[in-house]
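Undergrad: What follows is a single structure, and I will ask about it in a moment.
The values are calculated or read from the model by the stated rules, or taken from the named source; none is laboratory data. Owing to the predicted nature of the structure, the values given are computational and were not obtained by experimental measurement. Cβ placement follows ideal geometry from the backbone for every residue including glycine, while neighbour counts extend to all protein chains displayed. Note: accessible area is taken over every heavy atom of the protein model, side chains too, but ligands, DNA and RNA are not part of it. Shrake-Rupley method; radii C 1.70, N 1.55, O 1.52, S 1.80 Å.
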Amino acid sequence: MSYDGAFLWGPANFSGRPPARLVVEGVAVGVVTAGLVAGAAVTGTLTGFDTVGSVVGVVVSLAAAWYLFSTNAGRVLVGAVALLGGALAWWIPGPTAQAVLAARGESRTVVVTEVHVHRYEGRDYVKNSCSVRLLDGTPVQTEAWRTCGATARPGRHLTMVFDPKDAVPPTDRPLPAIAIEPLAGPAAAALALAALCCVSVIRSQP
């Protein structure tokens, strides 16, 4: 392979099947990286610290990319690991919250306290969001969007789905029928990240 090709994609200086030690190392790096990135993001979401979990996941993906860089892995593959890992870390909290609400969410009636009108410049488009409270007067930190239509007024009753454990914020958006459905995409991305790490390690053979 040319110098430029080796620099971009890794030297892969072996003939036939890759050495077993590289395959084992690649699988280990891939599984650990994908597991830690996804695990940190999911744990952060379930404990109410989704931003912290995502940041930890990004740090893990950057650490994995640095390790691959230090082993002479192809620079394109190293960059792809960093980007995919970082994107996965920030993506996971949303689908995880959906899965939690789909699995154990409870529908509760809320009362509109204020209607906010959002006008989008350059487009003939207006969207409302509603500040709401529970029937006992407790304010809800999350605004209602989907059910806050043009006819929404203070005092109107809406329905939102709440997590009984308060790990994820409530929503008035439609939820999947089964909890596993929103996690299919992140799971596929995590497998892709693991495979990408594995390929990077195997092709790093000097």
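Undergrad: How large is ³J(HN,Hα) for each residue in the range 42-59, as worked out from phi by the Karplus curve 6.51 cos²θ - 1.76 cosθ + 1.60 (θ = phi - 60°), to whole Hz, x for Gly and Pro?
TA: Whole-Hz 3J(HN,Hα) from phi for the range 42-59: 5, 4, x, 5, 6, 9, x, 10, 5, 5, 4, x, 5, 4, 4, x, 5, 4.
Undergrad: Also: How long are the three semi-axes of the equivalent ellipsoid for the range 24-118, computed from the Cα gyration tensor as the root of 5 times each eigenvalue, in whole Å, largest first?
TA: Ellipsoid semi-axes (Å, largest first): 36, 15, 9.
Undergrad: Still on this structure: When ligands, DNA and RNA are left out and all protein chains stay put, how many square angstrom of accessible area per residue does the range 88-166 have with a 1.4 Å probe? It would help to have the intermediate numbers written out before the result.
TA: On the way: 4770 Å² over 79 residues.
Spelled out: the 1.4 Å probe surface of the range 88-166, per residue, equals 60 Å².
Undergrad: If ligands, DNA and RNA are left out, what is the accessible area of V52 with a 1.4 Å probe, given in Å² to the nearest 10?
TA: 90 Å²
Undergrad: Please state the Cα pair-distance histogram of the range 129-206 with 5 angstrom bins from zero: what percent is in each bin?
TA: Reading the bins upward from 0: 3, 12, 15, 16, 11, 10, 8, 7, 6, 5, 4, 3, 1, 0.
Undergrad: Now for a different question. Roll a 1.4 angstrom probe over the protein heavy atoms and tell me the percent of accessible area of the chain that is carbon or sulfur. Could the numbers behind the result be given before it?
TA: Numbers: 7170 of 11330 Å².
The C+S portion of the solvent-accessible surface of the chain is 63 percent.
Undergrad: Also, I was wondering about something else. For a distance above 14 Å, tell me the whole-number percent of Cα pairs in the range 10-53 that qualify. Walk me through the numbers before you get to the answer.
TA: On the way: 592 of 946 pairs.
Considering the range 10-53, 63 percent of its Cα-Cα pairs are separated by more than 14 Å.
Undergrad: Please list, in chain and number order, the residues 5+ apart from V140 or on another chain whose amide H is under 5 Å from its amide H, with Hs placed from the backbone.
TA: Those lying under 5 Å, H to H, from V140 are V132, R133, L134.
Undergrad: So what is the relative contact order of the chain, in percent, for Cα pairs below 8 Å that sit 6 or more residues apart?
TA: 32 percent
Undergrad: Could you tell me how far the Cα centroid of the range 70-145 sits from the Cα centroid of the range 8-55, in Å?
TA: Here the two parts' Cα centres lie 26 Å apart.
Undergrad: Hey, another quick one. Based on DSSP H runs of at least 4 residues, each adding -39500 (n - 2.57), what is the mean residue ellipticity at 222 nm of the chain after dividing by all its residues, to the nearest 500 deg cm²/dmol? Please list the in-between numbers first.
TA: Values: 6 runs with 103 residues, N = 206.
That comes out to -17000 deg cm²/dmol.
Undergrad: If eta is 0.890 mPa s and T is 25 °C, what Stokes-Einstein diffusion coefficient results for the chain, Kirkwood Rh from Cα pairs, in µm²/s?
TA: Rounded, D is 125 µm²/s.
Undergrad: Within 10 Å, at most 11 other Cβ atoms, and a DSSP state outside H, G, I, E, B define an exposed site. Report the longest part of the chain free of exposed chymotrypsin sites (Phe, Trp or Tyr not before Pro).
TA: For chymotrypsin sites (Phe, Trp or Tyr not before Pro) (loop position, at most 11 other Cβ atoms within 10 Å), the longest site-free span of the chain is 1-119.
Undergrad: What do you get for the angle between helix 93-104 and the principal long axis of the chain? Use alpha-carbon atoms, 0 to 90 degrees, nearest ten.
TA: Its long axis makes an angle of about 60 degrees.
Undergrad: Now for a different question. Tell me which residues come under 5 Å, amide H to amide H, from N128 once H is placed; ignore anything under 5 positions away on its chain.
TA: Those lying under 5 Å, H to H, from N128 are H118.
Undergrad: Let me ask something else. With only Lys, Arg, Asp and Glu charged, each at its Cβ (+1 for the first two, -1 for the last two), find how big the charge dipole of the chain is about the Cα centre; round to the nearest 20 debye.
TA: On the way: 15 positive and 13 negative charges, 43 e Å.
Magnitude of the dipole: close to 200 debye.
Undergrad: Over the Cα atoms of the range 82-152, what is the Rg over Rh ratio if Rh follows Kirkwood?
TA: Rounded to two decimals, Rg over Rh is 1.09.
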